[in-house]
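Accompanying notes for the structure given below.
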Amino acid sequence: MQVLPKGVRHIPGFLDRSRQEELVEAIRHVVATAPLYVPEMPKTGKPMSVRMTNCGSLGWITDRERGYRYQPEHPVTSKPWPPIPDVLIDIWWAVSASDKRPEACLVNFYSADARMGLHQDRDERDLETAVVSISLGDTCLFRVGGRTRGGRTMSFRLESGDVVVLGGEGRLAFHGVDRIYPNTSTLLKNGGRVNLTLRRVNP
């Protein structure tokens, strides 16, 4: 049995099928207002392999010119991000152990060949409140380590409906997605994986 790094919690099957479907419908409404787009890596301008959007008062974005940051409007449409759906707020209250509302929810869509390199979520001013990550759709191989790059890591599968919480000593744990396992879920009509990451940005 693998032991997760301190402060990292994996809650398998937290959302049953009906709640997953409810959440997918809510995200469809978000994407209708704030379309998915392909972000660019800072400095190089290399496109990331995921498509993304946000909901909440702030959204996380990145581009070649200004790099990683939060801003209140969509970088393509220049319109404010739509509000975080109530179903996501309910999940936050249930698992985050925070009395503060999330300000941002990053929506990442992974196609079968998408990946996410090891990184820390450290673009927020609030580095105390937990980050809550929700998986929908195809299973992925999730990798997590400690607070320093190059240290020991471990990988495990995240299935549709699973939740991961990065809190306490695990708030700045390096983490990423090694691969997607296609056709492992029937939740999304065209396959792929959606990852929803709820965050508090300001103290």
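Just so it is clear, none of the values below were taken in a lab; they were calculated from the coordinates. Not measured: the values here are computed from a predicted model. Ideal geometry is used to build each Cβ from the backbone, glycine not excepted, and the neighbour counts take in all protein chains shown.
Projected over all directions and averaged, the alpha-carbon convex hull of segment 8-199 occupies 10.0 nm². The amide H of Arg179, built 1.01 Å from its N in the peptide plane, has Leu141 as neighbours under 5 Å, considering only residues 5 or more places off or on other chains.
Ranked by the mean number of other Cβ atoms within 10 Å per residue, highest first, peptides 151-161, 48-58 order as 48-58, 151-161. Per-residue ellipticity at 222 nm for the chain, helices alone: DSSP H runs ≥ 4 residues times -39500 (n - 2.57), over residue total, nearest 500 deg cm²/dmol? Result for the chain: -4500 deg cm²/dmol, rounded to the nearest 500.
Taking the chain as a Gaussian network of alpha-carbon nodes connected by springs under 10 Å, the highest mean-square fluctuation of the residues Thr33, Thr186, Thr62 belongs to Thr186.
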